Amino acid sequence: MRCPRCKDDNDRVVDSRTSAEGTVIRRRRECLSCYLRYTTYERIEETALRVVKKSGERVSFDRDRVLTGMLRACEKLPVPVEELEMACARVEAHVLEEYDREVPSVVVGSLVMEELRSLDQVAYVRFASVYREFRDVSQFLEELGPMIGHKKPKKPKKKGSDKGGKK
């Protein structure tokens, strides 16, 4: 570290303390040439995660933007906001864990769709229709096919029977 007075880079650390809830280290230094005491702060250098869009444009990852998209997909559906916030946190944690500086928007969209699929199928289809830019009904049906195929249709209950009833 260069001394602010004499610009010499020969100093010693007199005292070190953590501050700002442990995110910063405050160091008192003394220049060994002119004996000036000064304070420096050491912080973790955070590189902001960037999302690479389909167009090639790069934008900062924004958790609120992800949550807003999920809220929009769940509009007027019985999905608690708390569940959406937890799902959004899982998406954010996965992206931050797996990617250092840049993440393709395709990955973020796929993670959001996975979370919505487990929360509400209608919300999932709404999000997928916008995200995948569906152009016609056949694309909706293609997306719904696997979801419909896994569920067995409920058989309607028969109304009334001849056993013990009035005629």
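The values are calculated or read from the model by the stated rules, or taken from the named source; none is laboratory data. Nothing here was measured: the structure is a model prediction, and the numbers come from that model. Cβ coordinates were reconstructed from backbone atoms using ideal geometry, including for glycine residues, and neighbour counts include every protein chain displayed. Side chains included, ligands, DNA and RNA excluded: accessible areas come from the protein's heavy atoms. Shrake-Rupley method; radii C 1.70, N 1.55, O 1.52, S 1.80 Å.
Side notes on the structure shown:
- Cα-centred dipole magnitude for region 55-137, charges only on beta-carbon of K, R (+1) and D, E (-1), debye, nearest 20: 320 debye
- Per residue, region 17-104 exposes 71 Å² of accessible surface when a 1.4 Å probe is rolled over the protein heavy atoms with every protein chain present.
- For region 3-101, GluC sites (Glu not before Pro) meeting the loop criterion (DSSP other than H, G, I, E, B) and having at most 13 other Cβ atoms within 10 Å: Glu21, Glu45, Glu46, Glu57, Glu75.
- In region 1-89, trypsin sites (Lys or Arg not before Pro) in a DSSP loop with at most 16 other beta-carbon atoms within 10 Å: Arg2, Arg5, Lys7, Lys53, Lys54, Lys76
- Heavy-atom accessible surface of region 1-123: percent carbon and sulfur, 1.4 Å: 47 percent
- Sequence-distant residues sharing a close amide H with Asp11 (under 5 Å, placed H): Leu32
- Residue-count net charge about Glu92 - beta-carbon cut-off 12 Å; Lys, Arg +1, Asp, Glu -1: -3
- Seen from Ser19, the other residues with C-beta closer than 15 Å to its C-beta sum to a net charge of +2, counting Lys and Arg as +1 and Asp and Glu as -1.
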